[in-house]
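One structure is given below, encoded as C-alpha cells.
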Amino acid sequence: MSSLPAGWYKDPADTTTQRYWDGEGWLGAAIPADAVPPDGPPVVVELPAAPPQAAAPQQPAPPQQPAPPPAPPGHYPPPGWAPPGAQPPVGWQQPPPGWQQPPPGSQQPPPGWQQPPPPGWQQPPVGFQPPQQPPAGWHQPPMHPQSWPQPPHAYLYPTPEARPHGLALAGLGQRLLARLIDIVVVLMLNVVVNGWFAYQWWQDFHPILTNYMDQLRAGAEPAMIEPTSRMSSLELAMILIATLLWLLYEAPAIAGRGQTLGKMIVGIKVVGVHSTAPIGFRRAFGRWAQLGAWTLLWWCLVGFVMQFLDSLSPTFDQRLRQAWHDKSASTVVVAVPHGATQPTVEAAPRGENPGGPE
C-alpha cells in the first residue's frame, strides 16, 4: 500500500498536467496543472460498448463454364499426346527422325521382329570389330609441322595453259624474231623510198660536219651544229614516209591474213579473241597505231621509249601474253603449223570467254 493520501497531484509522466490519486493508482483523465481541481475524485465516464460486427455478405457463386462440345471423329489427339509443358511418362523415348504415325488398323510387329537389312548389305567377316570411340576428354596430340598433311596448294594443281581456239600461244621468242624480220623488211623499203631524201639531207649536213671537224683539228672551240631549215624539212618528210611505209606493210596484212612476212616465216598468227574471222582493217589499224604511231615522236626520243615498253608488255600478261596493242584490238598471237592458215578448232561463241580472261 502507498502512504500517499488520495488527492490531486502532478502527473509524474507529464508535469504540465495533474491527475487524481486514489491511494492505489491514478484515476480519471488528466487536467492542466494550473487548473482548479474539483473536490473529490473525477467522474469516470464509461465508454459505450462496441457495436457487434455485421456479417460479411455472401459472394455469389461463379457461373459454371459450359462443357466444350465433343470433338468430331478423327480429330482426337494421337495416343500418348500430352499438352505442352507436361512431363513425359516414365520410359518414354523420342521417336527417330522421319517417324510417322501408323495408319488406323495397322498391327504391331510380333515380339522379336527385326528390320530386314538393306539391299546389298553383306555380313561382316568373322572377328570384325567396329571402330572404338576415343574416351571422354581425349584430344589429338600436337604434330610436328614437318608431319602436317600437305594442303592442296595451287602449285600442286598448275593452271593449264590457255589455248585460244585450240591453238597454243605464240612464244615470246617467236614474236621477237618475227618483229625483227619485219623491221628489216620495213628498213629495206625505207632505203628504196627514203633514199633520195636521205641523200639530199646528207648534202646539206656534210659541209657542216666538215667545218666542225676542221675546228676540232685546229684546236679551236667548235660552234654548235645547227641544222638548216631544209634539213629539218627533210627529216620530217623521212619520218612521215617511214611511218606510212610501216602502216602499209603491216595493217593490210594483219587485217586479211593475220600474218606479216615475219610472222609467216616464224609460224605465228594474229587472231581475234572471240572469233577466228579476219579482224578487218579498222581493228588492224588500231592495233598498229598503238605501236607504230609513236614513230612520229622519234625526234624527241619519246617514241622510242613507248615502243620499247610496248614490245615488253607481253611479259606482263602471263595468261594470254597480250601486248598493249593486242589488248587495244582484242587480239591474241597464236602459233600455227607451217602451211596452215586457219585454226584446226572452231572458235567458241562470244560470251564464253575462250582462252580465259582478256
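The values are calculated or read from the model by the stated rules, or taken from the named source; none is laboratory data. Just so you know, these numbers come straight off a predicted model, no measurement behind them. Cβ coordinates were reconstructed from backbone atoms using ideal geometry, including for glycine residues, and neighbour counts include every protein chain displayed.
Pick from 299, 294: which is closer than 18 Å to residue 329 by Cβ and modelled with pLDDT under 90? Criteria check complete, one pass: 294. Is there a residue in the stretch 219-231 that is of a type outside the set (Val, Ile, Thr), in a helix (DSSP H, G or I) and surrounded by 11 or more Cβ atoms within 10 Å (Cβ to Cβ)? Yes, the stretch 219-231 contains at least one residue that is of a type outside the set (Val, Ile, Thr), in a helix (DSSP H, G or I) and surrounded by 11 or more Cβ atoms within 10 Å (Cβ to Cβ).
At least 3 residues that are surrounded by 20 or more Cβ atoms within 10 Å (Cβ to Cβ) and of a type outside the set (D, E, K, R) in each: list the helices (runs of 4 or more DSSP H) lying fully within the stretch 250-346 that qualify. In the stretch 250-346, the matching helices (runs of 4 or more DSSP H) lie at 280-292.
Among all residue pairs at least 6 apart or on different chains, which show Cβ distances below 9 Å where the first residue, located in the stretch 183-194, is in contact (Cβ under 8 Å) with a residue 12 or more places away in the chain and the second is of a type in the set (Ser, Thr, Tyr) and part of a loop (DSSP other than H, G, I, E, B)? Close Cβ pairs (under 9 Å, with a partner that is of a type in the set (Ser, Thr, Tyr) and part of a loop (DSSP other than H, G, I, E, B)) amount to 185/260.
Can you tell me which residues in the stretch 271-319 are under 21 Å from residue 240 (Cα atoms) and in contact with a strand residue (DSSP E or B) (Cβ under 9 Å, 6 or more places away or on another chain)? Passing the criteria: 284, 287.
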